[in-house]
Amino acid sequence: MLAARLADARFFWEQDLKVPLEEQAKKLSGIVFHDKLGTIADKVERVAKLARWLVEEGIVAGADADQAERAARLAKADLVTGMVGEFPEIQGVIGGYLARAQGEPDAVADAVRDHYKPVGQGDEVPGAPVTVAVALADKLDSLGRFFAIEEVPTGSKDPYALRRAAIGVLRIIRDNQLDFDIYRAIKAALFLETRDLDPEDTTSRTWRPIYSLQSFFVERLKQVMRDEGRRHDLVNAVIPEGDVGFSVRTAISACEALGTFLDLDDGADLLTAYKRAANILKKEKWEPSGAAIAGDLEPQERALVEALDAAEPKASAAVEAEDFTAAMAALASLRRPIDDFFDHVTVNDPDKVKRARRLDLLARFRDAVQRVADFSKIEG
């Protein structure tokens, strides 16, 4: 039995080797990808353009744009080969071997072989630049197009493996440290071909997928973090509500720094102080006056003002530089002053001037913390 299967494999390999993958790819126009999304050849055309765009925009550095486009145009060609017809589980892999045997550059052959990766949690994440470009383009095209036609995962049903595709995108971005804007990439996936979608029509239903996909990616990012033993609630703390242009690399870096900070006494105590300040302000329905905090300040008030004066610019500069460890260090400097403030100062003083000043100071403290991360989203 085994000898017969090996003989079959050899026969199909020798037959497939005679037909250039470029010729095989032409047959993809006869295979429907989805009745609303055209043929596999249509998908290949989109993926090829998107792979080139990822390289030319500098999102995937170190890749040759021509090779990325070439690999994308050949990546699905093995679907019509005798080898895949007989052994469906080797699609992609056998295409890579055929590409190399037919004289394609190693970078192209490797991209054809590995463009489906990563498939599962333990699967290898592509690192070669051309492969990264094609793997991202293939997954982004599927995500953008299926969301555009409202074929989205529901409950346990995910017939087009879109959750897996999104997690694959996130893992590729993270492991390759790509400076990747989800909004921009999805917009490109949808609008590089504008014959059916208008990128300027922001009121159109064609823009809905971008916003839906942002939320989808946030949920998948939580899953990735949870699978790795990280706190998933921190994702909401570092990605602003409604932010469709969040950087995955920045979000992951911020989550890691925030998690480390909260494991320290300074972080845990600052979180407690933040929640206390936020609760007081909410209870009082307090809107900051915007006036400078002045007057005959008590020592603890003055110490908190001075600490905020020093910490706010440091934290802002650190966030701008994406140095979240430094941003957390700046927040840590507020821990003792805010604790002393709560221990020695009466916020709801009978004196209306003092009360307003102290509530304003708490609002300033709250806002300074929230500029680094939204601590209200943190559990515990």
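The values are calculated or read from the model by the stated rules, or taken from the named source; none is laboratory data. The model shown is predicted, which means the values in this text are computed figures rather than measured ones. Every residue, glycine among them, receives a Cβ derived from its backbone with ideal geometry; neighbour counts consider all protein chains shown. Remember, those area values only see protein heavy atoms, side chains included, never the ligands or the DNA or RNA. Shrake-Rupley method; radii C 1.70, N 1.55, O 1.52, S 1.80 Å.
Listing for the model above:
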quantity	calculated
Residue selected from the stretch 225-234 under the condition assigned to a helix (DSSP H, G or I) and either among the acidic types (Asp, Glu) or open to solvent by less than 20 Å² (accessible area, probe 1.4 Å) (or both), by the criterion modelled with the highest pLDDT	Leu234
Helices (runs of 4 or more DSSP H) (entirely within the stretch 293-380) containing at least 3 residues that are over 21 Å from Arg231 (Cβ atoms) and touching a residue at least 24 places away in the same chain (Cβ under 8 Å)	299-320, 335-344, 352-370
Residue in the stretch 36-43 that is open to solvent by 40 Å² or more (accessible area, probe 1.4 Å), outside any loop (DSSP other than H, G, I, E, B) and either under 20 Å from Asp106 (Cα atoms) or of a type outside the set (Phe, Trp, Tyr) (or both) present	yes
Filter result for Arg171 (open to solvent by less than 40 Å² (accessible area, probe 1.4 Å), at pLDDT 65 or above, in a helix (DSSP H, G or I) and more than 13 Å from Leu140 (Cβ to Cβ))	yes
Subset tally (residues that are buried (at least 17 other Cβ atoms within 10 Å of the Cβ) and either part of a helix (DSSP H, G or I) or modelled with pLDDT of 80 or more (or both)) for the stretch 182-199	9
Sole residue being buried (at least 24 other Cβ atoms within 10 Å of the Cβ) and under 15 Å from the mean Cα position of the chain (by Cα), chosen from Ala133, Ala166	Ala166
Cross-chain or 6+ apart pairs with Cβ under 9 Å, the stretch 235-250 first and more than 19 Å from Asp323 (Cβ to Cβ) and open to solvent by 20 Å² or more (accessible area, probe 1.4 Å), then at pLDDT 80 or above and in a loop (DSSP other than H, G, I, E, B)	Asn236/Asp374; Asn236/Ile378; Glu241/Asp374
